[in-house]
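For reference, the structure is listed below as structure tokens.
Read-outs throughout are calculated quantities, based only on the coordinates presented, and are distinct from any laboratory measurement. All values derive from a computational prediction rather than experimental measurement. Neighbour counts are summed over all protein chains in view; Cβ atoms, including those assigned to glycine, are modelled from backbone coordinates with ideal geometry.
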Amino acid sequence: MVHLKINNNEVEVEEGTTLIHAARAMGIEVPTLCYWEGVRPMNSCMLCVMRDSNTGLLHPSCSTVAQEGMDIETDSGDVCEARKDVLELTISEHVGDCEAPCTHTCPASMNIPVMMRQIYEGDLDGAAYTVTNGLVFPGTLGYVCPAPCQSPCRRKSYDQTMEIKLLHREVSEKALIDNPELLDCPEDTGKKVAIIGGGLCGMSSAWVLRKKGHACTVFEKEAKAGGKVRALTEEELPKGVLDAEIDFIERLGVKFECGTEINGNGDLEAILSEYDSVIVACKGVAKPGGKIFEAKEHKLDVRAVGNGKTTGLWVDKYLKSVEIKPEPKLFDSKYGKLDKKNLSKLLENKTALDIPTIEGDLVDARVEAGRCLHCDCRKRVSCGLRKWASDYGAEKKKYFASETPDVRILGSGNVILEPGKCIRCGLCVAIAEKHGEDIGLTFANRGFDMEIRVPFDHSFDDALKKSAAECVEACPTAAIAFRNVEDVQSCHTTTLIKLTR
């Protein structure tokens, strides 16, 4: 047995145990990008380094065997700074979008690219789930939203922007109202929330909270809920669209008390005594504080929905006695504006599709959705580089590579490779070797020009007949991926989805 210290704790391990295994056995989280169980240590990312205070040296813990008398620090200041430097050097030449430009500019944070792929694959029920999670009122916003998400669409500089607004409207009309799965809610929590103000903002808060299992009642002074969009003309917004979506929220279990104006301390005190929390989604009723929260209406209807959703999530935390604080800021890699050369390369791997003919407000939905370039990452939730860069506060612009890789997507089959996202960890090469692939993968070139290649110009599908699934799972950045598999996150769940025609 070998005796050593890890973070000032006396530890005894078997001979041959690596530092990473010794630390993880103690419950210590050790960051890695190039380490994978069952594969020889690659020693390429150096993110797992630990410091031996006896010598002052940093060691890659994935390959360093524990030695008698070591005094190991796993998260001291020196160790964390070294890891941060590693991450900042790595991301300086990382080329790829974590989130698509359209998602960045949607005030309600809808996962637009996933909606596109679900429509293209003919999964309207899945698309209905996505647009409802994102917009709450996808049909109404399909008429009144100014569609800020369409402005940064990369297709705009090639042919024309994606018709996102018309697509989520069409999904709403075809699949939303008759989709019973969208009415599923968790078991009631026993908590009651009053929402004062029945505009899109207040109703969005109610939708989020009901989906969390809380009982919700919306108080609206007018005869019908809807707020300012209720005043729009039939041409601007058919009333049947708004009414159907409000009816859907009622079927979810939200109660509406219309024609009920809440004024003065007396009305408010009565509500405060009956409900566990109150959301004020209109002006002049009460200031936020204690169990009163404010959901700000906005002249931009989609922004009002986003504000309502955010307030709903805050109140859910309050009801669960969870500290209310801003969500941690995630590292967010961006392509930025692509020049014609790189845009053309991004389009090379995309099936050529004609621009659909738009007659009035009708869109050939699957053809239009098929034009989406899949700008977002296939591991936007589980990407190792994103996680550790976020945790260590790595700065994207700390270092600048003299040359960054071009935007490319290689592979015409089920397995694809994006060289700009590859950190050259070597895991896919080693995993293919472990599985005894006839072709496998290899490193080509040297130094900064080194990249992963398939030997002899074979396809990735041919190269990874046995090991593709493990290579995709192990890849820390989704540089190597299945074309139609990705992880996605809604406000309720994180799941792996497979999009297959």
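Looking at region 1-46, the GluC sites (Glu not before Pro) that sit in a DSSP loop and have at most 15 other Cβ atoms within 10 Å of their own Cβ are 14, 15, 29, 37. Beta bridges from DSSP with both residues in the chain: antiparallel share about 60 percent, rounded to the nearest 5.
The residue list 39, 20, 72 was ranked by how far each Cα lies along the charge dipole of region 2-75 toward its positive end, using unit charges on Cβ atoms, and 39 comes out on top. Each residue of region 439-449 was assigned a 3J(HN,Hα) from its phi angle through the Karplus expression (A = 6.51, B = -1.76, C = 1.60, θ = phi - 60°), giving 9, x, 10, 8, 8, 10, 6, 9, x, 5, 8 Hz with x at Gly and Pro.
Computed on the Cα atoms alone, the convex hull of region 185-319 gives a volume of 95 cubic angstrom per residue. Listed from fewest to most Cβ neighbours within 10 Å, the set 233, 64 follows the order 233, 64. Evaluated with a Cβ-only charge set (Lys, Arg +1; Asp, Glu -1), the chain carries a dipole of roughly 1020 debye about its Cα centre, given to the nearest 20.
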